[in-house]
Ligand code: NGQ
Ligand code: ZN
């Protein structure tokens, strides 16, 4: 097994840079104890790769095609109709081509792990594929080709609303009952390895009846797996939840499930101060997807109060209207500045750098959410890292104190030059070995889907 000894001027270490002089070793895909004699200098500034905690891969292929006004006022729900129409013709080969292209873009942007919130399980009208795991396997292959770590979250999706109404025709492809869903998890569980982790997902409170949630969470296969759910993205769903269940979604979930560090609440957008405090105390991760949440007109998360309460958070690119941890973190902060008319909101203490706080929190929360030992340049952690482009004018005269803020706030050209995932260089000098082939396959699929 190859043993690499690498050196950089600075390595990111829990909330800041430390000297990279001693170097860092990589063995069998993981970081090992630092070596006294590094053999290869890889750059000036080396960061841990960022986990992306929320993805619907197929939506990448329609990014930019829902920005034209419809007959009435557009909303999240009209976007969803466009998205459903686009999803109709996607088969497992298409899924593989789209996801491969997307995951390569992710790696190039600095994401080294992705949580795929996967609900497009079946063929048109809900007819299962010969292998009911065909779509899941397409996603697994895509991640392997791109060389990104995958937390595959097959999604349980049963009803079309809080009233328990049946799924409409286009939603039939998402449907499993608890038995079918558990069978899918059991089929996928043995495939897990260092680069593939399985998790559980409930689409939302509106898509999973209470009894089904209880039955699923009580099954053995769910024990120790990460659990993800869409929770409170739109005011409409908060109101529907209040009407149907007598509580707001986050409040209801905290009252009816043992929400703990295994959980990720995606789009915990609409929180009362009491919910904010309660959620923070559970140790669960708030899954924030600022570019999608902006694109869909969702609303803003109470970031300052949540951080002050000790809450954990991570970022996701969700609909993939943008695929960049830089843009997610930038807009996470900018949304708050626009709302509060203050600056440096995520930094809660004097002298703290916003970039440092956000990068570190998103690393920690993202790794927890994905259920993998990543996001630290430390022995035992999977060897994922980003080397910043030290020739970029953007980093001119930037020392330890300013590099991360310049990277996150000033960059308009990519600064991620090289990317290692699981001990293998996937991106070198801005290029990914599979990108030309993947782009060609992707183009063919999208041309067909758009023409359909
Ligand atoms: C999804 N996406 O499942 O793809 C959702 C929209 C829904 C986002 N929430 C559909 N961003 O929530 O019903
Ligand atoms: Zn989502």
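Observations on the model:
- Taking the conditions (1) within 16 Å of ligand 1 (Cβ to nearest atom); (2) touching a residue at least 40 places away in the same chain (Cβ under 8 Å) in turn, residue 151 satisfies each one other than (1).
- Scan of region 94-115 for residues that are within 16 Å of ligand 2 (Cβ to nearest atom) and either part of a loop (DSSP other than H, G, I, E, B) or without any contact (Cβ under 8 Å) to a residue 40 or more places away in the chain (or both), ordered by number: none
- Residue 400 falls short on exactly one of the conditions (1) surrounded by 13 or more Cβ atoms within 10 Å (Cβ to Cβ); (2) at pLDDT below 95; (3) over 30 Å from residue 86 (Cβ atoms); (4) out of contact with any strand residue (DSSP E or B) (no Cβ under 7 Å at 6 or more places or on another chain), and that condition is (4).
- Helices (runs of 4 or more DSSP H) wholly inside region 298-389 containing at least 3 residues that are free of Cβ contacts under 8 Å to residues at least 40 places away in the same chain, surrounded by fewer than 20 Cβ atoms within 10 Å (Cβ to Cβ) and out of contact with any helix residue (DSSP H, G or I) (no Cβ under 6 Å at 6 or more places or on another chain): 325-340
Per-residue answers, yes or no, for (1) at positive phi; (2) within 16 Å of ligand 2 (Cβ to nearest atom); (3) within 22 Å of the chain's Cα centre (by Cα); (4) not in a loop (DSSP other than H, G, I, E, B):
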{"residue": "41", "(1), (2), (3), (4)": "no, no, no, yes"}
{"residue": "46", "(1), (2), (3), (4)": "no, no, yes, yes"}
{"residue": "52", "(1), (2), (3), (4)": "no, yes, yes, yes"}
{"residue": "60", "(1), (2), (3), (4)": "no, yes, yes, yes"}
{"residue": "68", "(1), (2), (3), (4)": "no, no, no, no"}
{"residue": "73", "(1), (2), (3), (4)": "no, no, no, no"}
{"residue": "80", "(1), (2), (3), (4)": "no, yes, yes, yes"}
{"residue": "83", "(1), (2), (3), (4)": "no, yes, yes, yes"}
{"residue": "89", "(1), (2), (3), (4)": "no, no, no, no"}
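- Residue 341, sole failed condition from (1) in contact with a strand residue (DSSP E or B) (Cβ under 6 Å, 6 or more places away or on another chain); (2) farther than 26 Å from residue 227 by Cα: (1)
Condition check ((1) surrounded by fewer than 22 Cβ atoms within 10 Å (Cβ to Cβ); (2) at pLDDT 95 or above; (3) closer than 26 Å to residue 329 by Cβ) across all residues:
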residue: 6; (1), (2), (3): no, no, yes
residue: 18; (1), (2), (3): yes, no, yes
residue: 24; (1), (2), (3): no, no, yes
residue: 31; (1), (2), (3): no, yes, yes
residue: 38; (1), (2), (3): yes, no, no
residue: 48; (1), (2), (3): no, yes, yes
residue: 84; (1), (2), (3): yes, yes, no
residue: 101; (1), (2), (3): no, yes, yes
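- Residue under evaluation residue 9, criteria (1) touching a helix residue (DSSP H, G or I) at 6+ places or on another chain (Cβ under 9 Å); (2) over 27 Å from residue 115 (Cβ atoms); (3) assigned to a strand (DSSP E or B), criterion not met: (1)
- Any hit, region 328-341, residues being within 16 Å of ligand 2 (Cβ to nearest atom) and at pLDDT 95 or above: yes
- Some residue of region 228-248 being part of a helix (DSSP H, G or I), away from ligand 1 (no atom under 16 Å from the Cβ) and free of Cβ contacts under 8 Å to residues at least 12 places away in the same chain: yes
- Selection count, region 242-255, where residues are in contact with a helix residue (DSSP H, G or I) (Cβ under 7 Å, 6 or more places away or on another chain) and within 17 Å of residue 214 (Cβ to Cβ): 5
The values are calculated or read from the model by the stated rules, or taken from the named source; none is laboratory data. From a predicted model like this one, the values you see are computed outputs, not experimental measurements. Every residue, glycine among them, receives a Cβ derived from its backbone with ideal geometry; neighbour counts consider all protein chains shown.
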